Amino acid sequence: MWVFGYGSLVWRPDFSFVARRRATLAGYTRVFWQGSTDHRGVPGAPGRVVTLVETPGGRCVGMAYRVADIEAAEVLERLDFREQGGYVRRTLELEEGLEALVYYAAPGNPNWLGPAPLEVIADQVREAVGPSGTNREYVLRLSAALTRLDGLDAHTGALARAVS
């Protein structure tokens, strides 16, 4: 089983894996349109975390993790709990030819915030804090990790500059 991470899983997988590699998901872009009331915000003051939107010609760089068969059930249980705030599992093919499990938050889920002007998103990120830390830390750590992978997208980069 492969798991593709494009948000906090890029820099903090927090599960057992036997291999990892930079990977790219074609046809999607990463956006800060999902609310977080359980990690980077709280009910009534959600943070903003990433999800994917289908985008013709889009590309999303992240990390793919190979999970040992014997560990798969335990890893899925951990990830299902971690990603419970509106995310569902999908299996998608990465550009590298790997079939990977991806946690995806679609419009209409209970924590969906949707698009907003960059400054509105930045203001929300600057203010939000939850059990896993500040929303600002999430954005800056993701930006730094993607920069190291040579995969920083325009949206994440602009938001990181706005909250720095």
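The values are calculated or read from the model by the stated rules, or taken from the named source; none is laboratory data. Owing to the predicted nature of the structure, the values given are computational and were not obtained by experimental measurement. Cβ atoms come from the backbone with ideal geometry, glycine included; neighbour counts cover every protein chain shown.
Structure above, values below:
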quantity	calculated
Residue check, VAL49 under 22 Å from ALA154 (Cα atoms), touching an Asp or Glu at 6+ places or on another chain (Cβ under 8 Å) and either modelled with pLDDT of 95 or more or not in a strand (DSSP E or B) (or both)	no
Residues located in region 52-74, provided they are out of contact with any strand residue (DSSP E or B) (no Cβ under 7 Å at 6 or more places or on another chain) and either in a helix (DSSP H, G or I) or among the hydrophobic types (A, V, I, L, M, F, W, C) (or both)	ALA68, ASP69, ILE70, GLU71, ALA72, ALA73, GLU74
Scope region 83-116; condition buried (at least 19 other Cβ atoms within 10 Å of the Cβ) and either in contact with an Asp or Glu (Cβ under 8 Å, 6 or more places away or on another chain) or part of a helix (DSSP H, G or I) (or both); matching residues	GLY85, ALA100, TYR103
Region 54-71, subset β-branched (Val, Ile, Thr) and in contact with a helix residue (DSSP H, G or I) (Cβ under 8 Å, 6 or more places away or on another chain), residue surrounded by the fewest Cβ atoms within 10 Å (Cβ to Cβ)	VAL61
Checking SER164 against (1) farther than 21 Å from ALA64 by Cα; (2) crowded, with 17+ Cβ neighbours inside 10 Å; (3) among the hydroxyl-bearing types (Ser, Thr, Tyr), the condition it does not meet	(2)
Flag for GLU119 being on the phi < 0 side of the Ramachandran plot, in contact with a helix residue (DSSP H, G or I) (Cβ under 8 Å, 6 or more places away or on another chain), surrounded by fewer than 13 Cβ atoms within 10 Å (Cβ to Cβ) and acidic (Asp, Glu)	yes
Scope region 117-136; condition in contact (Cβ under 8 Å) with a residue 24 or more places away in the chain and either closer than 15 Å to THR29 by Cβ or part of a helix (DSSP H, G or I) (or both); matching residues	LEU118, GLU119, ILE121, ALA122, GLN124, VAL125, ARG126, GLU127, ASN135, ARG136
Members of region 101-140 that are among the polar types (S, T, N, Q) and under 21 Å from GLY5 (Cβ atoms)	ASN109, ASN111, SER132, THR134, ASN135
Pair list, Cβ under 9 Å, 6 or more apart: region 6-29 residue closer than 15 Å to THR156 by Cβ and surrounded by 17 or more Cβ atoms within 10 Å (Cβ to Cβ), other residue basic (Lys, Arg) and at pLDDT below 95	SER8/ARG82; LEU9/ARG82
